[in-house]
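K.L.:
Below you'll find the structure I mean.
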Amino acid sequence: MRNRYLYFLRIVLILADLLMVNGCYWATYFLINTIWDKLRLETYLDFVSPYNLIWLVTAIIFRLYNDETVRKVERLMRATWKSVVALMVLFALYLFVTKNYALSRQFLIFLFTFLSVAFFISRFLITII
């Protein structure tokens with residue numbers, strides 16, 4: 001029974017995290033676009049794939065969905081925050097190294113803020129349930 005619960009929890013975590021990562025990206029885009037109204041959708045579509053790839057790589061590196069990580073809430077929290085911080089750093093580094101300055105600083109600040117808040121709320125709800 002416990003294995004089924006852990007398997008279900010892993011699937012829920014993976015799907016919820018992918019929804020949050022992409023939801024935060026698009027919520028930030030639409031928020032910034034309503035404020036400045038000069039963003040080009042094509043520019044932001046170009047960065048969705050690297051952004052998701054970086055998230056998947058950080059989740060794999062920090063074993064976010066591993067059995068041992070999911071079993072203990074403390075390990076899950078630690079791995080989550082490591083992955084989120086690594087996503088922020090690596091995505092900013094990716095933009096710097098490739099010299100893609102198309103994304104605005106305001107976009108990145110809002111994106112990283114939304115990500116932090118979303119993951120905090122998500123993991124807080126998981127500990128309650």
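The values are calculated or read from the model by the stated rules, or taken from the named source; none is laboratory data. Note that the structure is predicted; figures quoted are calculated from it, not measured. Note that each Cβ is placed from the backbone with ideal geometry, even for glycine, and that neighbours are counted across all protein chains shown.
K.L.:
Starting from the stretch 1-20, keep only residues that are within 13 Å of residue 70 (Cβ to Cβ), then list their pairs with residues that are surrounded by 12 or more Cβ atoms within 10 Å (Cβ to Cβ) and of a type in the set (Lys, Arg) whose Cβ atoms are within a distance under 8 Å, requiring at least 6 positions of separation or different chains.
P.N.:
Correct list of pairs: 6/71.
K.L.:
If residue 54 passes every condition in (1) at pLDDT 95 or above; (2) loosely packed, with under 13 Cβ neighbours inside 10 Å but one, which one does it miss?
P.N.:
Condition not satisfied by residue 54: (2).
K.L.:
So residue 103 clears everything in (1) touching a Lys or Arg at 6+ places or on another chain (Cβ under 9 Å); (2) over 14 Å from residue 14 (Cβ atoms); (3) assigned to a loop (DSSP other than H, G, I, E, B) except one condition, right? Which one?
P.N.:
So residue 103 meets the others, but not (1).
K.L.:
Filter the stretch 45-85 down to the residues that are assigned to a loop (DSSP other than H, G, I, E, B), of a type outside the set (Asp, Glu) and over 22 Å from residue 12 (Cα atoms) and list them by number.
P.N.:
47
K.L.:
Is one or more of the residues making up the stretch 86-96 part of a helix (DSSP H, G or I), touching a Leu at 6+ places or on another chain (Cβ under 8 Å), without any contact (Cβ under 8 Å) to a residue 24 or more places away in the chain and among the β-branched types (Val, Ile, Thr)?
P.N.:
No.
K.L.:
For the stretch 91-129, give me each residue that is touching a Ser or Thr at 6+ places or on another chain (Cβ under 7 Å) and under 17 Å from residue 64 (Cα atoms).
P.N.:
119, 123
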